[in-house]
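Undergrad: I am attaching a structure below and will ask some questions about it afterwards.
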Amino acid sequence: MSRRVLVVDDDPDIKLLAATALSRVGGFDVRAVGNGKEAIDVASSWQPDAILMDVHMPGLDGPATADRLRAGDRTCAIPVVFITASVGAAEAAALSLLPVSGVLMKPFDPMTLPADFSALLEWT
Amino acid sequence: MHRKEVAARPVTTAPVDNLGYKETVLALDSAYAIVGTDYRAASLLAGTCSAGTPVDVILPDVSVGLFGTSRRRADRGSSPSFETLARRLDGEVFLAECTRLPERQGYPADGAAIRLKLRDLSDLPESEQLLRRKRLREQQILSATRNVVFGVDLQHRIDFANPASGTVLGRRLRDFAGADALELTSLAQADGSPFPDVDNPVLRTLEDGISRPMVESSVVRRDGTRLITELSCSPILEGGELAGAVLVINDVTERATAQRRKDEFLSTVSHELRSPLTSIRGSLGMLAGGIFGELSPDAGHMVDVAMSNTHRLIRLVNDLLHVERLSSGRVPMEPVDLDLSDAVAEIIKQQAPAAMQRSQRLAGSFDSAPVVADVHQVSIAITNLISNAMKFSADGASIYVQTGSDTEHAWVTVRDEGTGIPADQLASIFERFRQVDTADATVRGGSGLGLSITGHIASALGGRVDVESSLGVGSSFRLVLPRAEPNVETSQS
């Protein structure tokens, strides 16, 4: 059975691209949502194996959503990978301090995204 | 000396005499016009001034503000005086001393707002007059500057403040006398946080007597607003002994604010550009990758063109952000021990496929060049130099890379046999978007930011980039960094 991946991004085009790459190229079972609140709901009910989440989102942003996921009984064990358009080494360093599995940069290569994502999660 | 005061006479009827009076009293109205004089004026001024003559005619160099300042002091009972060059009615210029007298009714004219005693100093010895004129000139220079100029003693107490100090800091000049320059200005770092004592430029200069030019700093005006400033400290020596310092404070708030706004703007724009680029790059990537079926050769070619241009845009956005961060000092550096020869070897390996495509030869000699620097930034700096050399060389050309060091410096030299750079453009090639030929940008690719980035990285690491070039012969770029201190333990092992 293929692994379940939840994509969270407020930009609908990027959400579609990431989801398509992860399903078509990576062969994962993918669902995609557009904000942190939905992410928490779907994560709780659908129980994905990992979450790929945008950092900058209106309302509940990536780090805040990750905090709530960690605080939830049914979601605390789900690993999170951030994806961000901020290139600064300082931002990357700040994000790497958060208890997440890794950070990917935008723009991403859809052909290698699934492999990069799996590598961060140490999936084989 | 004529201490005795005599009843006023109308100015217009004062006789011109030749009694050689060296002192007179002028009465001015609130518009600084002469409304009366005492009986000595005609002698001293070599003529009779008609009522309503502006005081500028006699005292052309005195700004009216000075009368106002001296008035407050006159009212407090002190009798302030200043020297200036005055002009007699026959045109002769002479050194004079002006004293603002306290308010008094009746003399030498009713309703006068200002009474001014004018003393002719032209009988002083020639050398003394020359000295005083020179001092007047120096005062004018100090008054003209729009920067704060303080003289401070060894305890950083102010013993001199120029007029602009008051304007810039929103204070009266009397606030300055004897005040602690550091406390009065709340001198701090540019971001407002206090200087650690060991980094405080004023304290350091008062300790070691060494000039510290253009230190980024900030001061606080009397109304509480903070100004971003450049502070220069120079020692004052007396007989070879350190006696104090001159502080020159230049308000650069406007410049600093404009810079910050530009940074924010660029950062936002870059971020906003990156989102659509992510979508474009992603869609094209999946099309090219055949996710939605094999493309015809023509369609594939078109997608490749779109892809490579998208990559170019992404590089441009990244370079733009990088150069902005470098120039505002916001790129974190992690200095580690490294040898430039190792970094170069790694970069040549990365560039080899591109060189092979154009039958270019990357050759060189690699002597040890130890530095303490950020690996990532150093690699970017060297990569830019090598890829530039390749870009501006013909197919099949050779590029020579050499590393080495002396006791103080370590360097990488990249030499090409390319087109060369005209001498008049050598100085500007480190500016952003500067390519010698505007067609270069389209023909050779590149953002026009590479050299700018390399230059910024070099200076952030305490080094520089030297360049030599002759048209038709080629160019040679040398990244020079401070050599790492020899590590005794390592060299023994």
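We did not get these values from a lab; they are worked out from the coordinates using the rules stated. Since the model is a prediction, treat every value here as computed from it, not as a measurement. Cβ sites come from the backbone with ideal geometry, for glycine too, and all protein chains shown count toward neighbours.
Undergrad: Lysine pairs in chain B 8 or more apart or on different chains: how many have alpha carbons under 17 angstrom apart?
TA: The number of close lysine pairs in chain B is 4.
Undergrad: What is the pair-distance distribution P(r) of chain B, computed from all Cα-Cα distances in 10 Å bins starting at 0, with each bin given as a whole percent?
TA: 3, 13, 16, 16, 14, 11, 9, 8, 5, 2, 1, 0
Undergrad: Per the helix-only calculation at 222 nm, which mean residue ellipticity applies to the protein assembly as shown, given -39500 (n - 2.57) for every DSSP H run of n ≥ 4 and division by its residues, nearest 500 deg cm²/dmol?
TA: Result for the protein assembly as shown, helices only: -11500 deg cm²/dmol.
Undergrad: Moving on. With every atom except the alpha carbons ignored, what do you get for Rg and Dmax of region B:172-238, in angstroms?
TA: 12.3, 36
Undergrad: Quick check: convex hull of the Cα atoms in the protein assembly as shown, volume per residue, rounded to a whole Å³?
TA: It is 275 Å³ per residue.
Undergrad: I need the calculated FRET efficiency for the pair B:Ala177 and B:Val336, taking r as the beta carbon distance and R₀ as 45 Å, to the nearest 0.05.
TA: 0.30
Undergrad: Multiplying the sequence separation of B:Val372 and B:His301 by 0.36 nm and subtracting their Cα-Cα distance, what value in nm do you get?
TA: 21.0 nm
Undergrad: How long is the gain from B:Asp424 to B:Val467 if the chain were fully straight, where each residue apart is worth 0.36 nm and the alpha carbon distance is subtracted?
TA: This chain segment gains 14.2 nm when fully extended.
Undergrad: If I model a spin label as a point 7 Å beyond the Cα along the Cα-Cβ vector, how far apart are those points for B:Gln189 and B:Arg221 in nm?
TA: 2.5 nm
Undergrad: When the Kirkwood hydrodynamic radius is evaluated over all pairs of different C-alpha atoms of region B:272-414, what value in angstrom, to one decimal, is obtained?
TA: Evaluated on region B:272-414, it is 17.9 Å.
Undergrad: Another question, if that's okay. I want the antiparallel fraction of DSSP beta bridges within the protein assembly as shown, as a percent rounded to 5.
TA: Once the DSSP bridges in the protein assembly as shown are tallied, antiparallel ones form about 75 percent.
Undergrad: Let me ask something additional. In whole angstrom, note down how far apart the Cα centers of region B:355-375 and region B:242-260 are.
TA: 42 Å
Undergrad: Let me ask another. May I ask for the Rg/Rh ratio of region A:1-97, computed from Cα atoms with Rh as the Kirkwood radius, given to two decimals?
TA: 0.95
Undergrad: For region B:237-346, what relative contact order do you get, as a whole percent, if you take Cα pairs closer than 8 Å and at least 6 residues apart?
TA: Relative CO of region B:237-346 lands at 27 percent.
Undergrad: Across the Cα atoms of region B:196-352, what radius of gyration and what greatest pairwise Cα-Cα distance (Dmax) are found, in Å?
TA: Spelled out, the Cα radius of gyration and Dmax of region B:196-352 are 26.3, 88 Å.
Undergrad: Something else now. Return the FRET efficiency for the residue pair B:Glu408, B:Ile210: r is the Cβ-Cβ distance, R0 is 22 Å, and the value is rounded to the nearest 0.05.
TA: 0.60
Undergrad: List the longest stretch of chain B that has no exposed loop site; here a site is one of the chymotrypsin sites (Phe, Trp or Tyr not before Pro) assigned by DSSP to anything other than H, G, I, E or B, with at most 15 other Cβ within 10 Å.
TA: Longest gap between qualifying sites, sites excluded: B:1-291.
Undergrad: Continuing with this model, one more query. Once R0 is set to 22 Å, what does the formula 1/(1 + (r/R0)^6) return for the Cβ-Cβ distance between B:Glu128 and B:Val93, expressed as a FRET efficiency to the nearest 0.05?
TA: Computed FRET efficiency for B:Glu128 and B:Val93: 0.85.
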